[in-house]
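The values are calculated or read from the model by the stated rules, or taken from the named source; none is laboratory data. Worth saying up front: this structure is predicted, and the values here are computed from it rather than measured. Every residue, glycine among them, receives a Cβ derived from its backbone with ideal geometry; neighbour counts consider all protein chains shown. Only protein heavy atoms, including side chains, enter the accessible area calculation; ligands, DNA and RNA are left aside. Shrake-Rupley method; radii C 1.70, N 1.55, O 1.52, S 1.80 Å.
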Amino acid sequence: MSVYLNGQFMPLADAKVSALDRGFVFGDGVYELVPVYSRKPFRLEEHLRRLQGSLDGIRLANPHGIAKWRELIEQLIALQDFDDQSVYLQITRGVAPRDHAFPQGVTPSVFMFAQPLVSATDAQKAAGVCAITAPDIRWGRCDIKAISLLANVLARQQAVEAGCAETVMLRDGFLSEGAASNVFAVKNGVLLAPPPSNLILTGITYDVVLELAAAHGIPYELRAVSEAELRGVDELWMTSSTKEIMPIVTLDGVPVGSGKPGPLARQMDALYQAFKQQVMRA
Ligand code: PDD
């Protein structure tokens, strides 16, 4: 597997960073995960825009312009021997003696790798997944795609130990998002999701879902969704670059709606797949 580290492509085994890298010591960095279909990055511009937002959020200068990122990502994609990929890229504040405050004159560390992207099968989408709920114990800047993901890691592990795919997090009695996904609900044919804010990571998939809803006349409301409301919805979905649109069919062991993936999930997945094809042909 070929990876990219600080200016060079190399085998993974050769990619070494200092143990004093601030990513390792402080989790002081940000990342992106870009899905790649048939060797074409999906929504790259949007991912790079979100990356810039994350970098601004941690006050770290972007080491590369858009054209350079595009070039590096294309090179990385070309080096892999699989067509559908998830490209992970992270930037940390670099290597420096341990001190919380920013070091001066330090070059950020840039690391990228690609993994095979395994999309959910039709059978998996037709079965849906189970989820549990847990309090959202994260910090107040969940809109930054930070590599420090301890609360997300703990939340996802809780789901796995419950035999489920995701943990739906609740903050102060309201839906925020999943451990590594955004969460949509459907009630009486209306798509519901929390609005973009500092309390969620606005997913690229989230944006695509809302664009598709607008373009196809599916009514939606971006507003706070209370826990009580959440427990009475007709459909619940998790969305992310890797899971796409995945129906959640039980929440804390209780069936969501009919307990089967709902019609709007099926419709949105079809629209999403068609949109992907259209983008890839372009
Ligand atoms: N995570 N919210 C959180 C906390 C996430 O970690 C993710 C995705 C999303 C969805 O974002 P997008 O639609 O852009 O993938 C929302 C990625 C997949 C990850 O960390 O692996």
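Among all lysine pairs in the chain that are eight or more places apart or on different chains, how many have alpha carbons less than 21 angstrom apart?
12
Could you tell me how many degrees, from 0 to 90 and to the nearest 10, lie between the Cα long axis of helix 66-79 and the main elongation axis, the longest principal axis, of the Cα atoms of the chain?
In the chain, helix 66-79 runs at an angle near 80 degrees to the longest axis.
Amide H to amide H, which residues 5 or more places from GLU177 or on other chains are under 5 Å from it, using H placed in the peptide plane?
The list, which skips near neighbours in sequence, is MET169.
Only four residue types carry charge here, +1 at the Cβ of Lys and Arg and -1 at the Cβ of Asp and Glu. Report the dipole size of the chain about the Cα centre in Debye, rounded to the nearest 20.
360 debye
Which percent of Cα pairs goes in each bin when the distances of the range 116-206 are cut into 5 angstrom slices starting at zero?
3, 13, 21, 24, 22, 12, 5, 1
Over the chain, what per residue volume does the convex hull of the Cα atoms give, in whole Å³?
134 Å³
Might you tell me the accessible area per residue for the chain, computed with a 1.4 Å probe and given in Å²?
I get 46 Å² per residue for this part.
Of the trypsin sites (Lys or Arg not before Pro) in the range 1-59, which ones lie in a loop per DSSP and count no more than 15 other C-beta atoms within 10 Å?
Here the trypsin sites (Lys or Arg not before Pro) that fit, given the DSSP loop and packing criteria, are LYS16, ARG39, ARG59.
Could you grab the relative contact order for the chain? Cα pairs under 8 Å, six or more apart, rounded to a whole percent.
Dividing the mean separation by the residue count of the chain yields 18 percent.
Output the relative contact order of the range 122-280, whole-number percent, from Cα pairs under 8 angstrom with separation of 6+ residues.
26 percent
Take PHE42, PHE174 and sort them by solvent-accessible surface of the protein heavy atoms, 1.4 Å probe, largest at the top.
PHE174, PHE42
Count charges around GLY128 for me, please; just the other residues with Cβ under 14 Å from its Cβ, Lys/Arg as +1, Asp/Glu as -1.
-2
Taking only Cα atoms, what is the 0 to 90° angle, nearest 10, from helix 150-161's long axis to the longest principal axis of the chain?
In the chain, helix 150-161 runs at an angle near 50 degrees to the longest axis.
Grab the other residues whose beta carbon is less than 12 angstrom from that of VAL208, score K and R as +1, D and E as -1, and report the net.
-3
Could you please report the charge total around CYS142, scoring K, R as +1 and D, E as -1 over all other residues with beta-carbon less than 14 angstrom from its beta-carbon?
The answer is +1.
Is the shape of the range 122-280 rounded, prolate or oblate, going by the alpha carbon gyration tensor and its root eigenvalues a ≥ b ≥ c, with a/c under 1.5 for rounded and a/b larger than b/c for prolate?
Rounded, since a/c falls under 1.5.
If eta is 1.002 mPa s and T is 20 °C, what Stokes-Einstein diffusion coefficient results for the range 62-112, Kirkwood Rh from Cα pairs, in µm²/s?
The diffusion coefficient I find is 165 µm²/s.
Given a cut-off of under 8 Å on Cα pairs at least six residues apart, what relative contact order in percent is computed for the range 201-266?
It comes to 28 percent, rounded to a whole number.
Between ASP252 and MET280, what is the label-to-label distance in nm when each label sits 7 Å out along the Cα-to-Cβ direction?
Calculated label separation equals 4.0 nm.
Which one, PRO103, VAL186, GLY140, is farthest towards the positive end of the dipole of the range 99-200 when Lys and Arg carry +1 and Asp and Glu -1 on their Cβ?
Going by the charge dipole, the pick is VAL186.
Lone cysteines in the chain, defined as no other cysteine's Cβ under 4.7 Å from theirs: which are they?
CYS142 - these cysteines have no disulfide-compatible partner (Cβ-Cβ under 4.7 Å) in the chain.
To the nearest 10 square angstrom, what accessible area does ASP56 show with a 1.4 Å probe?
Here the accessible area works out near 90 Å².
Would you mind working out the magnitude of the charge dipole of the range 122-280 relative to its Cα centre, with +1 at each Lys and Arg C-beta and -1 at each Asp and Glu C-beta, to the nearest 20 Debye?
Roughly 180 debye for the range 122-280.
Expressed as an acute angle from 0 to 90° and rounded to the nearest 10, what is the orientation of the C-alpha long axis of helix 263-281 relative to the principal long axis of the chain?
40 degrees
With the full set of protein chains in place, find how many percent of the accessible area of the range 44-106 is carbon and sulfur; take the probe as 1.4 Å.
49 percent
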